Amino acid sequence: MTHQATLPHPDARLVDVATGTTVERGQLAAMVAAAADSVAALPPGPVVALMPTRLPAVVAYLGAFTAGRPVALLDPTVPADTLVDLITRYRPAVVTGVAARPDVTPPPGYTAGELPGLGAVWRGVGFPGVHPELGLLLATSGSTGSPRMVRLPRRGVLHNVAVVAETLGIDGDEVTVTSLPLYYTYGLTVLNTHLSQGATVVLDDRGLLDRGFWETVAQHKVTSLAAVPYQYEMLRRIGFDPGAYPALRTLTQAGGRLRDALVLEFHRRMSEVGGQLIVMYGQTEAGRMAILPPDRLPEKLGSAGLAIPDGRFTVALDSADGDVGEIHYHGPNVMMGYAREAEDLARGDELHGTLPTGDIGRLDSEGFLFLSGRTRRFGKVFGVRVSLSDVERMLEHRGAVAAVAGDDRIVVWVERADAQTRAEIRRELSERIGVHASGFDVRDIPALPLLPNGKVDYQALTGLAR
């Protein structure tokens, strides 16, 4: 195949649960075309799209992308001052989805109005110096304040959509539901891959702990569900039974490392009902990069999988660590670079298809990727350098755990840990790492703070630890 997707496929179908609206096959393409015509008539420049999990937001995004405009997808609840700052810095030709923000006044140079296919918008003069290959602008994971944006090439986005859809076996019979935000790269990947194959996407933002969400899964006969590690922790706690949803045959996981015990548990649960668990690895800077074939579980337990078609991994070895080093990914889906202002949108490809991921790991003899931590996630205990990711892995059996660096100590947060459990954890870490137990400050927390993408908010935990 050419590894270039059509987005959306003419037969794609959307269901907006909040409004009860269903866009049947053939209708979505017409709606997107109308939105694209409106965008094409605007001055040159990017499009900023506020992305609630709603039909109009999806149509506006697809319309802008179809019109060949780079689209910056934003959390619709972004603080007002951050939103205004982003608009001022990136100078979009139009801001869509503004109906969700009646609390914000258009910044200087922008006027409120309506456009066919786009609804309520803020129109501006735009920025003519955008690089022709630029396709998407996504905020980096964990960004606070005014984030830098990842500059993704249009062809790279479509390539990634095509190879992920092919590798996962997505076709027009699939039905998925939005269990993740659409402005988050994993949630966007789910949307794009299914729409590119003429499948059905059900828009529901209520979350996995809401009974109504599971009513949606049952009613619409959802066949696949995506989740990040913390959501799998929640699924375990609520006693999720895939057998209660006969149409559900695929669970996918990305957004961080899922502890081995849960990989085995959900692999078993899905296998018992004829389904599958698919573990994946990706970053905002490249989209999906690796997929673990479900038939290699549990044999390859702990692996993030094999590189996607047309991609490959290399390891920047540190002679002191044997075959372990920083993972580099090479492929057409790698970002062009970062942007902090409109002038950066004119810059070309600065990475040339190679992404230093910042993840530490190794490749086995078959090319399966095994990750062991982040290059910058280290702390010191009495002068001993300790990987925070290793600490978390040591405590996987304790449930939801997060470790951050303190002043010559490591602060470990454990959900719902009583005094006895905290003392046991201090002893366990002391024995395994070989430093005195007083170097570990183990604290109870009702629930780990999360970023909008479902990852642990380490910055918030670091602030609490001070």
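Key figures
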{"quantity": "Some residue of region 433-451 being closer than 22 Å to residue 258 by Cβ, of a type in the set (A, V, I, L, M), open to solvent by 30 Å² or more (accessible area, probe 1.4 Å) and in contact with a strand residue (DSSP E or B) (Cβ under 8 Å, 6 or more places away or on another chain)", "calculated": "yes"}
{"quantity": "Selected residue (criterion: modelled with the lowest pLDDT) from residues of region 119-137 that are among the aliphatic types (A, V, I, L, M) and touching a Pro at 6+ places or on another chain (Cβ under 8 Å)", "calculated": "125"}
{"quantity": "Candidates 81, 85 - the one that is out of contact with any Asp or Glu (no Cβ under 7 Å at 6 or more places or on another chain), of a type in the set (Asp, Glu), in contact (Cβ under 8 Å) with a residue 40 or more places away in the chain and in a helix (DSSP H, G or I)", "calculated": "85"}
{"quantity": "From 202, 222, residue being in a loop (DSSP other than H, G, I, E, B), in contact (Cβ under 8 Å) with a residue 40 or more places away in the chain and aliphatic (A, V, I, L, M)", "calculated": "222"}
{"quantity": "Conditions (1) within 23 Å of the chain's Cα centre (by Cα); (2) open to solvent by less than 20 Å² (accessible area, probe 1.4 Å); (3) at pLDDT 85 or above: number failed by residue 392", "calculated": "(2)"}
{"quantity": "Residues located in region 38-47, provided they are closer than 25 Å to residue 108 by Cβ and open to solvent by 10 Å² or more (accessible area, probe 1.4 Å)", "calculated": "38, 41, 42, 43, 44"}
{"quantity": "Hits in region 243-261 (condition: closer than 19 Å to residue 293 by Cβ, at pLDDT 95 or above and either acidic (Asp, Glu) or over 19 Å from the mean Cα position of the chain (by Cα) (or both))", "calculated": "249"}
{"quantity": "Selected residue [free of Cβ contacts under 8 Å to residues at least 12 places away in the same chain and of a type outside the set (Lys, Arg)] from 447, 419, 402", "calculated": "419"}
{"quantity": "Some residue of region 258-271 being touching a residue at least 24 places away in the same chain (Cβ under 8 Å) and either of a type in the set (Ser, Thr, Tyr) or on the phi > 0 side of the Ramachandran plot (or both)", "calculated": "no"}
{"quantity": "Members of region 91-100 found to be under 20 Å from residue 181 (Cβ atoms) and open to solvent by 10 Å² or more (accessible area, probe 1.4 Å), listed by number", "calculated": "97, 98, 99, 100"}
{"quantity": "Subset of region 23-70 (residues that are within 21 Å of residue 346 (Cβ to Cβ) and in a strand (DSSP E or B))", "calculated": "47, 48, 49"}
{"quantity": "Residue among 325, 287, 305, 274 that is touching a helix residue (DSSP H, G or I) at 6+ places or on another chain (Cβ under 8 Å) and either touching a residue at least 60 places away in the same chain (Cβ under 8 Å) or of a type in the set (Gly, Ala, Ser) (or both)", "calculated": "287"}
{"quantity": "Subset of region 436-462 (residues that are closer than 17 Å to residue 393 by Cβ, among the hydrophobic types (A, V, I, L, M, F, W, C) and assigned to a loop (DSSP other than H, G, I, E, B))", "calculated": "448"}
{"quantity": "Positions within region 292-351 being among the basic types (Lys, Arg), exposed (fewer than 13 other Cβ atoms within 10 Å of the Cβ) and more than 22 Å from the chain's Cα centre (by Cα), in sequence order", "calculated": "none"}
{"quantity": "Flag for residue 190 being of a type in the set (A, V, I, L, M, F, W, C) and surrounded by fewer than 23 Cβ atoms within 10 Å (Cβ to Cβ)", "calculated": "no"}
{"quantity": "Tabulated pairs, region 341-369, first within 18 Å of residue 310 (Cα to Cα), second loosely packed, with under 13 Cβ neighbours inside 10 Å, C-beta under 8 angstrom, 6+ apart or interchain", "calculated": "356/316; 363/323"}
{"quantity": "Criterion (under 20 Å from residue 157 (Cα atoms) and polar (S, T, N, Q)) met by exactly one of 66, 111, 96, 82", "calculated": "66"}
{"quantity": "Scope region 328-357; condition assigned to a strand (DSSP E or B) and either touching a Leu at 6+ places or on another chain (Cβ under 7 Å) or aromatic (Phe, Trp, Tyr) (or both); matching residues", "calculated": "328, 329, 337, 338, 339"}
{"quantity": "Qualifying position, being touching a Lys or Arg at 6+ places or on another chain (Cβ under 9 Å), touching a residue at least 24 places away in the same chain (Cβ under 8 Å) and open to solvent by 10 Å² or more (accessible area, probe 1.4 Å), among 140, 111, 66", "calculated": "140"}
{"quantity": "In region 358-371, residue nearest to residue 337 (Cα to Cα) [restricted to those that are in a loop (DSSP other than H, G, I, E, B), open to solvent by less than 50 Å² (accessible area, probe 1.4 Å) and not aromatic (Phe, Trp, Tyr)]", "calculated": "367"}
{"quantity": "Qualifying residue in region 375-382 (condition: in contact with a helix residue (DSSP H, G or I) (Cβ under 7 Å, 6 or more places away or on another chain), at pLDDT below 85 and surrounded by fewer than 18 Cβ atoms within 10 Å (Cβ to Cβ))", "calculated": "yes"}
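The values are calculated or read from the model by the stated rules, or taken from the named source; none is laboratory data. The structure displayed is predicted, hence computed values, not measured ones. Using ideal geometry, Cβ is built from the backbone for each residue, glycine included, and neighbour counts are taken over all protein chains shown. What goes into the accessible areas is simple: the full protein's heavy atoms, side chains included, and nothing from ligands, DNA or RNA. Shrake-Rupley method; radii C 1.70, N 1.55, O 1.52, S 1.80 Å.
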